Amino acid sequence: MDLYTPVLVLAALAAIFAIGSIATSAFVIGPRRYNRAKLDSYECGIEPTPQPVGGGRFPVKYYIIAMLFIVFDIEIIFLYPWAVNFDAMAVFGLVEMVLFVATVFVAYAYVWRRGGLDWD
């Protein structure tokens, strides 16, 4: 049980902080002057336009760019352990990482050449 005591203390502190923050904002700090503008959804100062049932359609390009962002973001995650253990892996680690980065760069060049990164 001694091993779990710090975890339980941390969980209790997190719960107290979460409940305390919500209670403080609701009863002490939060203003109570509601009007139509505050209850409306935020649209960067533009009047909200009615949306069709189902929320409307997004262009496919939006999803492709999101997936590309995830792919290149995951590349950085794979680079981090290599950077931490660079000395331990020596030349083998360097060669493997050069091959990995070259493969990702070829994919990046392909996407760029095909116009996958254009926002138009």
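FYI, it's all coordinate maths here, none of it is from the lab. Here the structure is a predicted model, which is why all the values come from computation and not from measurement. Reconstructed Cβ throughout: ideal geometry from the backbone, glycine too, with neighbour counts over all protein chains shown.
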Inset, instruction - Out of 60, 98, 104, report the one residue that is among the β-branched types (Val, Ile, Thr), surrounded by 12 or more Cβ atoms within 10 Å (Cβ to Cβ) and out of contact with any Lys or Arg (no Cβ under 9 Å at 6 or more places or on another chain). - result: 104
Inset, instruction - Look at the range 72-103 and say how many of its residues are more than 21 Å from the chain's Cα centre (by Cα) and assigned to a helix (DSSP H, G or I). - result: 21
Inset, instruction - Count, please, the residues in the range 104-120 that happen to be touching a helix residue (DSSP H, G or I) at 6+ places or on another chain (Cβ under 7 Å) and outside any helix (DSSP H, G or I). - result: 2
